[in-house]
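Notes follow the structure.
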Amino acid sequence: MAALVGVLTLAVALLLPLAREHRDSGLDSTPAARTAPAAESCVSPEAQTLAPSAADGPTIAAIKARTGEQRKLVVGVDQNSYRWGYRNPNNQGAALEGFDIDLVHAIAQNILGDRNAVQFKAIPTDRRIGAVRSGEVDMVVRTTTITCARLKEVAFSAPYFRTGQQVLAAKSLALTGFDNSLRGRTVCAAAGSTTEADLKEGKFGVKPLIVPNQLDCLVRLQLGEADAVITDGALAASQAAQDPTVELKGKPFTEDYYGVMMRKDADDLVRRVNQVLAQYRAGGWQTAYDRWLAPTMGGDSRPYLPANPRYLRTS
């Protein structure tokens with residue numbers, strides 16, 4: 001018992017500071033499977049992007065015009081999402097690594113000819129859109145879901161990952177997913193997420209526990225203050241890998257798409273990123289998936305790579 005308490009105390013100590021930084025892990029999303037279009041032009045938010053192009057434009061020209069140590073792609077990322085964008089605690093002083101980080105390196109290689117020509121900025125969830133719109137960063141690559149609401153403020157690339165909301169809970173708890181098995185249970189979700197609205201509607205008679213950020217939910221689960229967490233399945237799988245006492249319950253009940261976020265007036269950069277993604281699908285994507293995500297999500301990556309992306313316009 002003393003050993004168990006020690007392990008739990010260590011886990012909480014490690015996770016709490018990360019949780020405060022991590023905010024809601026990009027899960028304030030409007031899943032495509034239940035999206036009410038904000039406008040007639042946004043029936044399918046994941047398709048509201050531009051066709052790929054290798055041509056430079058004013059945005060890319062400005063990036064290339066940077067000199068010296070400033071000649072880098074400035075990218076907003078997460079540094080606390082295990083296997084997506086994080087610093088390995090077993091490797092002190094290590095650079096950021098993960099699936100999203102590999103994609104950033106591929107974009108930098110294409111635009112600046114140097115995969116390491118990147119200035120990473122850890123951007124909290126609630127500052128992602130503001131950082132892009134103000135020009136603080138050139139883009140955000142941070143498990144960000146493409147939604148109609150966000151498309152009013154920023155532009156997105158084509159999708160680079162498909163996922164969905166799932167239930168995360170202790171292995172010992174007999175839950176079958178987002179269904180009546182949750183009745184009367186305390187369920188945690190991040191503030192500002194679509195899940196928050198679902199829980200406040202009282203679906204399945206759950207008792208909502210809303211916290212500032214997603215990693216707080218995992219801590220609450222470990223402390224016994226919540227029976228379950230509802231979050232993005234791709235991130236939940238990584239959290240389950242961090243804590244062997246929890247697991248995903250049931251199947252995803254929404255369909256969400258991650259995209260690279262950029263300014264609305266940066267058409268040339270959007271097209272270039274889509275060009276990179278078109279090439280990345282041919283090999284780099286699978287390599288990154290196998291390295292970072294297959295250990296937590298399984299070796300069959302086909303459900304997670306959106307096929308045949310659609311584009312809003314070609315000119």
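Just a few scattered comments:
- Calculated on C-alpha atoms, the gyration radius of segment 217-307 divided by its Kirkwood radius gives an Rg/Rh of 1.06.
- Entry comment: accessible area of segment 266-315 is 51 Å² per residue, from protein heavy atoms only and a probe of 1.4 Å.
- C-alpha center-to-center spacing [segment 242-315, segment 141-190] in angstrom: 15
- Principal axis dimensions, largest first and in whole angstrom, of segment 159-315 by Cα: 52, 33, 23
- Over 27 Å apart at the Cα level, from the set Lys171/Lys200; Lys121/Lys152; Lys203/Lys251; Lys171/Lys207; Lys207/Lys249; Lys200/Lys264, are Lys200/Lys264.
- Potential extension, Ala197-Arg115 segment - 0.36 nm per residue separation minus Cα distance: 25.5 nm
- Convex hull of segment 245-295 built on C-alpha atoms - directionally averaged projected area, nm²: 5.7
- Of the solvent-accessible surface of segment 186-243, computed with a 1.4 Å probe and all protein chains present, 48% belongs to carbon and sulfur.
- Segment 37-127: radius of gyration and largest Cα-Cα distance (Dmax), Å: 16.1, 50
The values are calculated or read from the model by the stated rules, or taken from the named source; none is laboratory data. Small disclaimer: the values here were computed from a predicted structure and weren't measured. These accessible areas exclude ligands, DNA and RNA; they are computed on the full protein's heavy atoms, side chains included. Shrake-Rupley method; radii C 1.70, N 1.55, O 1.52, S 1.80 Å.
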